[in-house]
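Only one structure is covered here, and it is reproduced in the block below.
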Amino acid sequence: MRPTMIKLIVGLGNPGPEYESTRHNAGFWWVDEAARRLGAKLVAERGYAGLVARVNRPQGPLWLLEPQTYMNLSGRSVAALARFYKITPPEILVVHDELDLPPGQLKLKQGGSHAGHNGLRDIHAQLGSADYWRLRLVIGHPGVKAEVVDYVLRRPPAGEREAIEKAIDASLLALDQLAAGEMDRAMMKLHAKPPRPKPAAPAAPAAGAAAVPTSGAGPTGTPLKPAEGSGS
């Protein structure tokens with residue numbers, strides 16, 4: 001059976017320069033970079049309450065969307081575009097920030113609960129389904145539940161931002177598989193662990209250098225005999 005292709009990729013965030021660099025806008029960062037690599041330009045579309053780009057691919061159009069409704073009303077934008085182009089939930093990939101693990105990790109899944117994420121909560125409600133795909137960009141956790149709102153609306157320190165950007169770069173290597181709906185192949189790329197570094201090879205002795213006996217052994221590995229009359 002052929003996989004279900006992705007026709008709409010949504011990045012979640014909040015509009016406006018004051019939110020541009022905050023953790024909650026990780027989904028926007030992803031779509032911005034995807035659009036750049038695909039040579040697409042996001043433009044404001046009032047009918048869909050978002051920034052929209054159409055990418056023409058041999059398999060059919062791929063839509064990129066950044067809702068400009070603020071996070072809590074993301075579903076209004078997603079549903080408007082999806083309904084107009086008759087895009088079903090399994091043909092939608094939503095990229096969003098995720099708590100609870102160290103920054104820079106990635107998780108890909110289909111369906112499930114919104115887990116308290118207000119953007120996903122509204123998408124659930126507006127689509128009437130949870131069967132869309134989610135690519136979760138992990139941003140870390142403040143350690144205290146009461147601090148989550150302030151945490152996601154703050155800028156991450158440089159090291160954390162770098163980790164998230166590296167995860168975005170790594171996930172975009174699987175963009176073709178994601179768009180084609182080849183999620184098993186995409187997951188292999190997204191969840192692959194970096195290879196372990198090989199141990200360094202021992203240094204070769206310098207040319208012409210004599211072998212140095214060690215541990216009382218001669219050049220052939222046999223024990224050295226004490227010289228006669230040495231008193232040993």
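The values are calculated or read from the model by the stated rules, or taken from the named source; none is laboratory data. In this text the structure is predicted, and so the values were computed from the model without any measurement. Cβ atoms come from the backbone with ideal geometry, glycine included; neighbour counts cover every protein chain shown. Only protein heavy atoms, including side chains, enter the accessible area calculation; ligands, DNA and RNA are left aside. Shrake-Rupley method; radii C 1.70, N 1.55, O 1.52, S 1.80 Å.
Tabulated data
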quantity: Unmet criterion (only one of (1) open to solvent by less than 40 Å² (accessible area, probe 1.4 Å); (2) among the acidic types (D, E); (3) under 17 Å from G27 (Cβ atoms)) for D169; calculated: (1)
quantity: Some residue of the range 80-99 being out of contact with any Ser or Thr (no Cβ under 9 Å at 6 or more places or on another chain), among the small types (G, A, S) and farther than 18 Å from G47 by Cα; calculated: no
quantity: Among residues of the range 12-49, those that are acidic (D, E) and either assigned to a loop (DSSP other than H, G, I, E, B) or in contact with a Ser or Thr (Cβ under 8 Å, 6 or more places away or on another chain) (or both), counted; calculated: 2
quantity: Selection count, the range 62-80, where residues are over 23 Å from the mean Cα position of the chain (by Cα) and farther than 19 Å from G16 by Cα; calculated: 2
quantity: Test result for V52, part of a strand (DSSP E or B), open to solvent by less than 30 Å² (accessible area, probe 1.4 Å) and either more than 16 Å from L81 (Cβ to Cβ) or in contact with a strand residue (DSSP E or B) (Cβ under 6 Å, 6 or more places away or on another chain) (or both); calculated: yes
quantity: Some residue of the range 2-15 being of a type in the set (G, A, S) and closer than 18 Å to V55 by Cα; calculated: yes
quantity: Criterion: in contact with a helix residue (DSSP H, G or I) (Cβ under 9 Å, 6 or more places away or on another chain) and either in contact (Cβ under 8 Å) with a residue 60 or more places away in the chain or on the phi > 0 side of the Ramachandran plot (or both) - qualifying residue of G119, G47; calculated: G119
quantity: Residue ID - farthest from A26 (Cα to Cα), chosen from residues in the range 57-76 that are in a strand (DSSP E or B) and at pLDDT 95 or above; calculated: P61
quantity: Yes/no for I123 being open to solvent by less than 20 Å² (accessible area, probe 1.4 Å), part of a loop (DSSP other than H, G, I, E, B) and more than 19 Å from A167 (Cβ to Cβ); calculated: no
quantity: Flag if I9 is in a strand (DSSP E or B) and either surrounded by fewer than 23 Cβ atoms within 10 Å (Cβ to Cβ) or touching a helix residue (DSSP H, G or I) at 6+ places or on another chain (Cβ under 7 Å) (or both); calculated: yes
quantity: Residues of the range 16-43 satisfying the condition of being of a type in the set (G, A, S) and open to solvent by less than 50 Å² (accessible area, probe 1.4 Å); calculated: G16, S21, A26, G27, A34, A35, A40
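The rows are residues; the columns are (1) closer than 19 Å to V31 by Cβ; (2) at pLDDT 95 or above; (3) β-branched (V, I, T); (4) open to solvent by 70 Å² or more (accessible area, probe 1.4 Å).
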position: Y85; (1), (2), (3), (4): yes, yes, no, yes
position: L93; (1), (2), (3), (4): yes, yes, no, no
position: H114; (1), (2), (3), (4): no, no, no, no
position: R134; (1), (2), (3), (4): yes, yes, no, no
position: I139; (1), (2), (3), (4): yes, yes, yes, no
position: G159; (1), (2), (3), (4): no, yes, no, no
